[in-house]
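To start, the structure itself, in structure tokens.
Every read-out reported here was derived from the displayed coordinates using simple, explicitly stated rules and does not represent laboratory data. Only a predicted model underlies this, so the values are computations on that prediction, with no experimental measurement involved. In this analysis, Cβ positions are derived from the backbone assuming ideal geometry, glycine residues included, and neighbour counts consider all displayed protein chains.
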Amino acid sequence: MMRSVSQVLIVVTLMVVTIVIVCPPVMSQPANDLESWRTIRGSTEEKCLFHWLRQKGAGYLRGQGDNEHFLCPLPDFYGRFGLFITLVHNGRVRGCYGAFHHATDKAEIVLGDYLKGALTRDNRYRPLEAHEFEKSSIILTVASGLYPVASIETLDISRFGIKAHCGDGSILVIVPSEIKSIEYLKKVLLPYDVVQLFAFRCVTFRGEP
């Protein structure tokens, strides 16, 4: 049966539409969306934040009351970025705690909880004592969205962190301040049955004692 030119055009058009709908988009590396946080580097807001974290942590370890008021205006993070606090003493990580999804949009509550977590809840490391905390670096990592990676071999560990989903349901998050080298990262992941691996772009702030 012969088809008219108009019928052929309709069929071709439908085929093109079907191809567009069925073919999945290729996932590309996320755009750099952390500029709002980069702008506070070296600012009075950054200094205010680390002064507050230092006093907050010292007060907690000494069993003192919570008298430190949070007066640091910070960029938005809730629903946009993960926050992680890492504590480093004598060149070694002694605690890291945080999350991609937060219980509240109040920075004072979120950062206070993650600081306490880094001090007491990270069972990978021996908790810091008060005199050690005084001489420790406090590192804040602000993390963007996740995207899947097939291998860590080509990952820029100075700018990207790793989130690993394991076969037993556990999740391991490793921020750049915890990664000494690609070989070190491999050793950290070796005991785990990693079934999915994600990377995240981040910006890091460091408060020295």
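The table below lists the values:
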{"quantity": "Whole-Hz couplings from phi, Karplus 6.51/-1.76/1.60, listed for the stretch 118-134; x for Gly and Pro", "calculated": "5, 6, 9, 10, 8, 6, 6, 10, 6, x, 6, 8, 4, 5, 6, 4, 4"}
{"quantity": "The stretch 33-207: mean projected area of Cα convex hull, nm²", "calculated": "10.2"}
{"quantity": "HN-Hα J in Hz across the stretch 98-110 - Karplus 6.51, -1.76, 1.60, θ = phi - 60°, x for Gly and Pro", "calculated": "x, 6, 8, 10, 10, 6, 8, 9, 8, 4, 4, 6, 5"}
{"quantity": "Rounded to whole Hz, the Karplus (6.51, -1.76, 1.60) HN-Hα couplings of the stretch 195-209, x for glycine and proline", "calculated": "9, 9, 10, 10, 10, 9, 6, 8, 10, 10, 10, 10, x, 8, x"}
{"quantity": "Protection proxy ranking of 46-54, 34-42 - average other beta-carbon atoms within 10 Å, highest first", "calculated": "46-54, 34-42"}
{"quantity": "Pairwise label distance in nanometres, R159 with K106, each label 7 Å out on the Cα-Cβ vector", "calculated": "3.7"}
{"quantity": "Value of relative contact order over the stretch 33-207, rounded to a whole percent, pairs C-alpha under 8 Å and six or more apart", "calculated": "23"}
{"quantity": "C-alpha center-to-center spacing [the stretch 156-170, the stretch 68-139] in angstrom", "calculated": "19"}
{"quantity": "In nm, spacing of pseudo-spin labels at K135 and R80 (7 Å Cα→C-beta vector)", "calculated": "3.9"}
